[in-house]
Structure formats: structure tokens, C-alpha cells
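Here's the structure we're looking at; comments come further down.
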Amino acid sequence: MRKIFVSTACLKGDKSYNRVLNTYLEAGIKNIELTGVHPHLELNALKSLINTYKSKGIDFTFHNYFPPPKKPIVLNYLSKNDRDKKNSEEIISTAMKLAKDTNTSIYAYHPGYLREADMNEKGYFDFKGSSRISFEEGLKIYKSDFNDFYKKLNLDDNTFLGVENLFPNSDGTNDSFLCTFDEIKNFFNLPEINSTKLFLLIDLGHLAISSNLLKFDRMEFIEKCIKNFGDRIFEIHISNNDEFKDLHSRITKDSWQLEALKYFKDTGMLNGGTVFTYESRGLTIDQIVKDIDLINSKIN
């Protein structure tokens, strides 16, 4: 039976750890993705909190901007700004250390951006300037330094690092890395990447935007990813949008994403099978439970 995780970003209201986790636990939700919506917590305290909830039967995954640093930063592995690159590596390294210390198997992050950015007052980032590196330059950055960085993480056989497909801007310009199948293929075919256990997270909301704005067939994207990298597809993200912006809207019974889930029934076998994570936001706990039942009816 495939696991369905629920992002801590789904629940509307206060994002204190105990409030969100206790609400989920009381509703019988025990597969939870921790993401960057929470207040900063010192690492030892966060480790203790996670292990406390694991003792109650909760299984966790980590995602992207997690654990949130004390001072907000832009997580961009492709940044040519030494400070931003170092800070980005620090978030990834911290997440993987925490994953090992809490026996958490999956952490995936956004693989990077082709333009530099600053954090804004709302906690999101804004791209700045007009200088944009090419996809090929992004590949060269991963080729030159990722393998050494990956080795320093010293991961065990039960802890996996992954990257997530991204999407262009709503006006059709593109500042994101890994939006198309060809980009993903070229990335994973790098010897420096292929030699690692790096996995792939496919975000179906991101795919909807990319396929719409970059004009490619989303189901063909899925089929090609499965054919070429099926064993590496450890996680699927689910949330609706208008196919222009990443709105994290509520899933509906008519969503194409629900029908797409059947394609992943035999993927991710390097980690016991692909898991599915619900990422829609601003929901009540009753809405979340109802939506998880809907997703579950499609995959189990």
C-alpha cells in the first residue's frame, strides 16, 4: 500500500509545530511532510521534537526550505554569489544531518534558479536584475561541484536526497532549472549525478505550469521520466493551480492529477515504492482528510 503524506503547509492558520502536528495526529494523519512554513527552531530542539512525534507513530519526510534557518535566505544551489551558495548548501546539509539523526529517509529540494534573487517581506523571493545563466551553465555548476558536496553529506543506505522539477514564470520567461524532460534527462545523465543515489520528486502542479507555458505534453513527460528514471522517482507532489502560477489550490475529483497517479504504481523501487504528498494550502483539517481519502482511492 503506497503512503500518502500531508505537507504541514496544507493546514490553514498558525504554523507552530505542535499545533499542526497535533491536529494531524488527532485526525489520524501519520505520514507528514515537514516544510519551510514553520518558525525557526534550534537543531537539537527540532531533533527532539521530531523524535517525540516519531515515537507516536508518525513518519516524516522533509522538503526544500527545511529546517527554516534563523535568518531567511534564498535557497539557490546555482547562485554565483558565494554567500548565497554557501547558505543554500548549509540548508541542504542541515536537512540531511537531521534526516540521519531522526531516521527520516527522504529530503528533496528545488534544484536551483538561473537568476539571482532576494527574500521579500512576505517570506518569498524576488528575482533581480536581468542577468540569467543558461541551463547549460547550470549543468556545469552541478558537474563541477555537486559530487564533492554529495560525498560530504555522508549519507547512509536509508537516507536519500532528491531534486524537484520546477516551472517558468507566469509570463513565459524562465528562471528555473529542470522544467522539461530533456533538462531532467541531461541532468541525470551527468556522470557526476548518475553515480549518486540522487532521486527525483515530480511535482504535478509544477508540471502543469511547465507543460502549459513551455508547450509540451505532460503525460508524455511522465511516461518518459518513468521509462528513463522510474527507479529514482521516490515522491510525487499533488496540488492544483491555474497552470500559470503555483497556487497550491485544493485538489478536485475531476483533476487530471488524480488520473496521472496510476502511472507511478511501479516506480521508486529503490526505496520501496514512490510516496505521494498532498501540498494544497489553506485547508481545514476536515478538508484535508476528505482529500486524502480521494487520493487514496486512486492509488490503493
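The values are calculated or read from the model by the stated rules, or taken from the named source; none is laboratory data. Just so you know, these numbers come straight off a predicted model, no measurement behind them. As a convention, Cβ positions derive from the backbone with ideal geometry for all residues, glycine included, and neighbour counts pool all protein chains shown. Protein only, heavy atoms only, side chains kept; ligands, DNA and RNA dropped before computing areas. Shrake-Rupley method; radii C 1.70, N 1.55, O 1.52, S 1.80 Å.
Within region 116-173, being of a type in the set (D, E, K, R) and in a loop (DSSP other than H, G, I, E, B) holds for Glu116, Glu121, Lys122, Lys128, Arg132, Asp156, Asp157, Asp171.
With the structure loaded, tell me whether Tyr109 is under 21 Å from Ser7 (Cα atoms), among the aromatic types (Phe, Trp, Tyr), out of contact with any Asp or Glu (no Cβ under 8 Å at 6 or more places or on another chain) and open to solvent by less than 50 Å² (accessible area, probe 1.4 Å) or whether it fails that test. Even if it seems obvious, please write down each step before you answer.
Working: under 21 Å from Ser7 (Cα atoms): yes; among the aromatic types (Phe, Trp, Tyr): yes; out of contact with any Asp or Glu (no Cβ under 8 Å at 6 or more places or on another chain): no; open to solvent by less than 50 Å² (accessible area, probe 1.4 Å): yes.
So Tyr109 fails the test.
Apart from one condition, Ile73 fits all of (1) under 22 Å from Leu161 (Cα atoms); (2) in contact with a helix residue (DSSP H, G or I) (Cβ under 9 Å, 6 or more places away or on another chain); (3) of a type outside the set (S, T, N, Q); (4) at pLDDT 95 or above; the exception is (4). Checked against (1) without any contact (Cβ under 8 Å) to a residue 40 or more places away in the chain; (2) surrounded by 19 or more Cβ atoms within 10 Å (Cβ to Cβ); (3) more than 26 Å from Phe149 (Cα to Cα); (4) touching a helix residue (DSSP H, G or I) at 6+ places or on another chain (Cβ under 9 Å), Leu11 meets all criteria but (1). Of all residues in region 6-43, those being more than 14 Å from Gly57 (Cβ to Cβ) and in a strand (DSSP E or B) number 5. Out of curiosity, is Ser280 among the small types (Gly, Ala, Ser) and open to solvent by 10 Å² or more (accessible area, probe 1.4 Å)? Judged against the criteria, Ser280 is not a match. Residue count for region 18-49 satisfying the condition of being open to solvent by less than 40 Å² (accessible area, probe 1.4 Å), farther than 22 Å from Asp291 by Cα and over 19 Å from the mean Cα position of the chain (by Cα): 2.
Does Lys47 satisfy being modelled with pLDDT of 95 or more, basic (Lys, Arg), on the phi < 0 side of the Ramachandran plot and part of a helix (DSSP H, G or I)?
Working: modelled with pLDDT of 95 or more: yes; basic (Lys, Arg): yes; on the phi < 0 side of the Ramachandran plot: yes; part of a helix (DSSP H, G or I): yes.
For Lys47, the condition - modelled with pLDDT of 95 or more, basic (Lys, Arg), on the phi < 0 side of the Ramachandran plot and part of a helix (DSSP H, G or I) - is met.
Taking helices (runs of 4 or more DSSP H) that do not extend beyond region 180-261, which have at least 3 residues that are within 30 Å of Lys152 (Cα to Cα) and open to solvent by 50 Å² or more (accessible area, probe 1.4 Å)? So the answer is 181-188. Scanning region 236-267 for residues that are at negative phi, in contact (Cβ under 8 Å) with a residue 12 or more places away in the chain and acidic (Asp, Glu) yields a total of 3.
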